[in-house]
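Everything below concerns the one structure shown next.
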Amino acid sequence: MTLAVIIQARAGSSRLPRKVLEQLGRKTVLARVIERCQRIPSADHVVCAIADGDGNDAVADEARAAGARVFRGSETDVLARYAGAAREVGASSVVRITSDCPFIDPEMVEQVIALQVETSADYANNTLMPGFPRGLDCEVFPAAWLFRADETATANEDREHVTRWIRNSSAVKRACLKGPGGDAGQWRWTLDYAEDLDFCRAVYACAGEAVARMDFSELSALCRAHPELVAINAMHGEAARPDIERPAAVVRDYVPG
């Protein structure tokens, strides 16, 4: 099995343009995401699937500088971009990560990978059930399902949102890593708004470069010890995740490292 961790990235963002090139401590957001993905034990390749166009050249350069492979593809047809990246490295299994998640947890991703393998699920992730902060999201699926989606999906929403066609297929067997819930399920560790960037920078200002290797449990402890951090972007938090469907799935609890 060849497992590719594919990170989608682009410079454009309606809320926070060029957010992946913003600095977090000594490195950019994109470099932080890449270095965490490089620590996923099962990863054979870490690939950045970056949108075409001169406006995204700086993102591609940063990805290469951080040690990731780069695949360029359509900005709007993200499904085709993912499929192209997977084909280029001969992936048999894919982990999907987005580039606005600078605190993605390598060990948590590894648990989702193990869940997908052990249950033979067609689609596994850690968002079908609530419990984790927004910003730790990962999805794992056989490349064959990605290629099938690329060959079959026609709706614009399915082309833009990579796994939508897979998740909505009645033939798909799903599995989910369940978070501990509580306050952590309402936190934002992602990067959509200016306040999210303020939060991420405040975390680094509080704990320094040690943050780069902190896992979910350690970052949670930091947030609980410093509630002023969580308050920075709390206005964008969600009491629930109404956009996430919760169909029947094999469910396994997250095990702290």
Every listed condition ((1) within 17 Å of the chain's Cα centre (by Cα); (2) at pLDDT below 95) holds for Ala171 save (1)
Take region 72-99 and flag every residue that is part of a strand (DSSP E or B) and more than 17 Å from the chain's Cα centre (by Cα).
Arg72, Gly73
Looking at (1) touching a residue at least 12 places away in the same chain (Cβ under 8 Å); (2) open to solvent by 10 Å² or more (accessible area, probe 1.4 Å); (3) not charged (D, E, K, R), which is the only condition Val59 fails?
(2)
Answer residue from region 83-110, given it is hydroxyl-bearing (Ser, Thr, Tyr) and over 13 Å from Val140 (Cβ atoms) and is most open to solvent (accessible area, probe 1.4 Å) among those:
Thr98
Among the residues of region 210-217, is there at least one that is open to solvent by less than 10 Å² (accessible area, probe 1.4 Å), out of contact with any strand residue (DSSP E or B) (no Cβ under 6 Å at 6 or more places or on another chain) and at pLDDT below 95?
no
Could you say whether any residue in region 133-140 is acidic (Asp, Glu) and in a loop (DSSP other than H, G, I, E, B)?
yes
Among the residues of region 165-193, which ones are assigned to a helix (DSSP H, G or I), more than 18 Å from Pro130 (Cα to Cα) and open to solvent by 50 Å² or more (accessible area, probe 1.4 Å)?
Trp165
Qualifying positions in region 1-29 - open to solvent by less than 10 Å² (accessible area, probe 1.4 Å) and touching a strand residue (DSSP E or B) at 6+ places or on another chain (Cβ under 6 Å):
Leu3, Ala4, Val5, Ile6, Ile7, Ala9, Val20
List every residue pair whose Cβ atoms sit under 7 Å apart, with the two residues 6 or more apart in sequence or on different chains, where the first one lies in region 210-233 and is outside any helix (DSSP H, G or I) and the second, anywhere, is open to solvent by 10 Å² or more (accessible area, probe 1.4 Å) and of a type in the set (Phe, Trp, Tyr).
Asn233/Tyr193
Quickly run through region 38-55 and pick out the residues that are on the phi < 0 side of the Ramachandran plot, open to solvent by 10 Å² or more (accessible area, probe 1.4 Å) and either in contact (Cβ under 8 Å) with a residue 12 or more places away in the chain or assigned to a loop (DSSP other than H, G, I, E, B) (or both).
Gln38, Arg39, Pro41, Ser42, Ala43, Asp44, His45, Val46, Asp52, Gly55
Single residue of Thr154, Thr127 found to be of a type in the set (Val, Ile, Thr) and without any contact (Cβ under 8 Å) to a residue 60 or more places away in the chain:
Thr154
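Please find, within region 221-251, the residue that is modelled with the highest pLDDT out of those that are among the charged types (D, E, K, R), open to solvent by 90 Å² or more (accessible area, probe 1.4 Å) and within 19 Å of the chain's Cα centre (by Cα).
It comes out as Arg246.
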What's the number of the condition Ile34 fails, among (1) part of a helix (DSSP H, G or I); (2) open to solvent by 40 Å² or more (accessible area, probe 1.4 Å)?
(2)
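The values are calculated or read from the model by the stated rules, or taken from the named source; none is laboratory data. Please read all numbers here as calculations on a predicted model, not as lab measurements. When we count neighbours, we look across all protein chains shown, and the Cβ atoms used for this are built from the backbone with ideal geometry, even at glycine. Side chains included, ligands, DNA and RNA excluded: accessible areas come from the protein's heavy atoms. Shrake-Rupley method; radii C 1.70, N 1.55, O 1.52, S 1.80 Å.
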